[in-house]
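Inspection log for the structure reproduced underneath, given as structure tokens.
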Amino acid sequence: MIMDKCIFCHKEEIVTDFVYEDDLVMAFMDMEPINQGHVLLVPKEHFLDVDEIPDKLLAHLMTVSKKIVSALKEIYHPDGYSIMQNGGAFNDVGHYHLHIFPRYQGDGFGWTYGNKAKKVNAEIARKIKEKIFT
């Protein structure tokens, strides 16, 4: 995505309420929340995927996400919470962002996937491990 067309690169175009901001990141309410309290946490610098983000900034995103989770737990007393991020073609905005939202038993949000059998074995684990350590 071209950065001049990226809404998250243009803070002035974000039309929802902000809950956090510093020099590196900003957090604001999701316009289509999964549950009340759904927050998006975004680096101010443009990145698409997690593997593009410098480690120091990624650590900062996690630190801020921890603060947001603490606030959500105190305000909403949820059964749990979710932190998720979609990458590549599944990032519908084209700018890295974390979804952080309270979860409740029976809230209807779920993890779904096809019925096609998937392989889980030592060879797959070996290939991933090899790529991680090379």
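Laid out as a table, the results:
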item	result
Per-pair calculated FRET efficiency, R0 = 30 Å: His77 and Val15 via Cβ, rounded to 0.05	0.55
Net charge, Gly37 excluded, C-beta distance under 12 Å - Lys, Arg +1, Asp, Glu -1	-2
Net length gained if the chain between Glu45 and Arg103 were fully extended (0.36 nm per residue, minus Cα distance)	18.0 nm
Kirkwood-Stokes translational diffusion coefficient of region 1-41, alpha-carbon pairs, 10 °C, 1.306 mPa s, µm²/s	143 µm²/s
Linear extension gain, Asp92 paired with Met62, 0.36 nm per residue minus alpha-carbon span	8.7 nm
Charge sum, other residues only, whose C-beta stays under 13 Å from Ile53's C-beta, Lys/Arg counted +1 and Asp/Glu -1	-3
Largest-first ordering by accessible area, 1.4 Å probe, given options Lys131, Lys73	Lys131, Lys73
5 angstrom amide H check on Met26, placed H, neighbours 5+ away	Val42, Lys44
Accessible area of Glu123 in the full protein assembly, 1.4 Å probe (Å², nearest 10)	90 Å²
Equivalent ellipsoid, the chain (semi-axes from 5 times Cα gyration tensor eigenvalues, Å)	27, 22, 15
Proximal charge balance of Lys119 [Cβ under 14 Å; K/R count +1, D/E count -1]	+3
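The values are calculated or read from the model by the stated rules, or taken from the named source; none is laboratory data. Since the structure is predicted, the reported quantities are computational estimates derived from the model, not experimental observations. Note: ideal-geometry Cβ built from the backbone for every residue, glycine included; neighbour counts use all protein chains shown. These accessible areas exclude ligands, DNA and RNA; they are computed on the full protein's heavy atoms, side chains included. Shrake-Rupley method; radii C 1.70, N 1.55, O 1.52, S 1.80 Å.
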